[in-house]
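So the structure is just underneath, and the comments pick up after that.
Here, each number is a calculation from the coordinates, and none is a lab measurement. On a predicted model such as this, the values are computed, not experimentally measured, just so you know. So basically every Cβ, Gly included, is an ideal-geometry build from the backbone, and we count neighbours across all protein chains shown.
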Amino acid sequence: MNFSVVILGAPYSSQSAATAYRFTEALLAKGHSVYRLFFYHDGVHNGSELAVSPQDETSTAECWHQLIADYQLDAVVCIASALRRGVLNSDEAVRYDKGCANLRSYFAVVGLGDLVEAAQQSDRLITFGP
Amino acid sequence: MTSMTTAEAEDSEIKGSLLMVFRHAPYGRSLAREGLEVALAAGAMGVELRVLFINDGVWQLLAGQQADRLSLKNHLAMASALPLYGVDKLFVDTASLLERNIEPAGLTIPVALLNELEVRSLFATDGHILSF
């Protein structure tokens with residue numbers, strides 16, 4: 001089955017993003033496919049490269065990083081949510097004259113149309129609240 | 001097996017309509033606003049969309065919101081734009097209104113009031129649900 005997952009929670013602040021990660025990991029392990037991971041609302045913080053976790057703690061952002069790389073998943077952040085929360089790729093950093101960018105390179109920056117399209121293209125659309 | 005026409009093949013790739021469920025109050029956190037933005041985007045794309053206001057989400061429809069006191073944009077003004085974006089299937093869970101002592105007359109946007117069974121069937125019949 002073809003899934004899209006909507007992640008609304010920031011890493012660490014709540015369990016939500018970690019649960020979304022575990023769900024995604026489980027469905028891939030079962031042989032299902034992921035059409036898109038859509039990071040929206042506080043979920044865009046999962047895309048930040050600057051988060052640092054203590055060595056004896058699991059980093060949800062790092063877990064995403066591995067999973068997305070291993071399965072070559074389509075991982076995107078909503079541009080409106082990301083800009084408001086200071087999660088920028090290098091293009092946006094230049095556009096808004098910011099000194100640095102922090103969005104991991106494999107995250108695409110997209111509009112809400114990509115969420116609607118993901119809903120239309122997926123057998124299942126699963127939302128993990130903030 | 002009969003072969004599909006191009007139009008049929010395209011139809012088969014579209015997985016049903018969208019039900020958006022708004023469960024949170026309009027202010028205090030940005031979730032309600034960002035949910036509304038999804039509904040407006042989906043409406044602009046011509047998606048078959050239904051919106052259900054339930055639990056604290058019913059506060060979003062209340063008249064007399066003074067968002068300027070919070071230095072925020074008025075949520076109701078934005079929600080009022082839904083029909084302009086082609087999103088006119090708006091539903092409210094009546095029990096949520098009663099629990100909060102909100103008179104249906106206090107709602108400013110045309111909405112259909114649903115009882116518990118109708119809310120259940122709304123959830124049961126829809127393929128995709130986005131909850132905010």
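For this structure, a couple of remarks:
- All distinct Cα pairs of region B:7-111 go into the 1/r average, and the inverse of that average, the Kirkwood radius, is 14.5 Å.
- Estimated distance in nm for a label pair at A:Cys100 and A:Gln15, the labels positioned 7 Å out from Cα along Cα-to-Cβ: 3.3 nm
- Here the sum of -39500 (n - 2.57) over DSSP H runs of 4 or more residues, divided by the residues of chain A, equals -10500 deg cm²/dmol at 222 nm, to the nearest 500.
- If R0 is 25 Å, the Cβ-Cβ spacing of A:Arg84 and B:Asn74 corresponds to a FRET efficiency of close to 0.90.
- Each Cα pair under 8 Å and six or more residues apart adds its sequence gap; the mean of these over the residue count of chain B is a relative contact order of 33 percent.
- The length gained on full extension between B:Leu98 and B:Asn55, counted as 0.36 nm times the residue separation minus their Cα-Cα distance, comes to 14.4 nm.
- Summed side-chain charge close to B:Tyr27 - residues other than B:Tyr27 whose Cβ falls under 14 Å, Lys, Arg +1, Asp, Glu -1: +1
- Within region B:18-129, DSSP assigns beta bridges of which about 5% are antiparallel (rounded to the nearest 5).
- Shape summary: region A:36-93 maps onto an equivalent ellipsoid whose semi-axes, from the alpha-carbon gyration tensor, are 19, 15, 10 Å in decreasing order.
- Within-13-Å neighbourhood charge of A:Asp70 [Cβ basis; K, R +1; D, E -1]: -2
- Compared with the rule-of-thumb size 2.2 N^0.38 Å for a compact globular protein, the protein assembly as shown has a Cα radius of gyration ratio of 1.07.
- Antiparallel %, DSSP beta bridges [both residues in the protein assembly as shown], to 5: 5 percent
- 4 °C / 1.567 mPa s Stokes-Einstein diffusion coefficient of chain A, Kirkwood radius on C-alpha pairs, µm²/s: 88 µm²/s
- Taking every residue in B:23-31 and counting other chain Cβ atoms within 10 Å of its Cβ, the average works out to 2.
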